[in-house]
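Below is one structure, written out as structure tokens; comments come after it.
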Amino acid sequence: MGERIKAQLYEKKRLLEEGSPFSELLQQMVNTMLEGEIEDFLSEGRAAGKVNKRNGRTSKRVVSEFGPLDIATPRDRNGDFEPELIGKRQKSLTSGL
């Protein structure tokens with residue numbers, strides 16, 4: 001990743017544009033944050049005595065100011081998980097990352 005950023009700088013290309021190394025980092029960061037959200041959600045549920053488990057992921061493409069991002073939103077078996085970062089049916093990343 002570091003080499004791609006250096007190459008982008010040497011070629012005098014913008015770092016914050018579609019297809020840039022930053023957009024890939026943003027995509028990874030969003031997916032990691034969504035995984036953290038479901039882990040927290042399931043942990044709180046277990047503490048409250050609720051039985052719930054993961055149930056795969058739903059892929060979707062969202063639009064950001066740095067280009068489209070392909071994310072994988074985790075799901076739960078009961079269908080109760082509502083991500084805060086990018087909600088269900090939301091198509092753009094405007095949460096102010």
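The values are calculated or read from the model by the stated rules, or taken from the named source; none is laboratory data. Only a predicted model underlies this, so the values are computations on that prediction, with no experimental measurement involved. Because the Cβ atoms are built from the backbone with ideal geometry, glycine has one as well, and the counts that use them run over all protein chains shown. These area figures cover heavy atoms from the full protein model, side chains too; ligands, DNA and RNA do not enter into them. Shrake-Rupley method; radii C 1.70, N 1.55, O 1.52, S 1.80 Å.
If I ask for residues that are of a type in the set (Lys, Arg) and touching a residue at least 24 places away in the same chain (Cβ under 8 Å), which ones from region 76-97 would you list?
Across region 76-97, the qualifying residues are ARG77, LYS91.
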Original post:
Within region 1-31, which residues are open to solvent by 80 Å² or more (accessible area, probe 1.4 Å), at pLDDT below 70 and either more than 29 Å from PRO74 (Cα to Cα) or of a type in the set (Lys, Arg) (or both)?
Top reply: ARG14
Original post:
Consider VAL62 against the criteria (1) free of Cβ contacts under 8 Å to residues at least 40 places away in the same chain; (2) closer than 25 Å to GLY2 by Cβ; (3) crowded, with 17+ Cβ neighbours inside 10 Å: it satisfies all of them except one. Which criterion is unmet?
Top reply: (2)
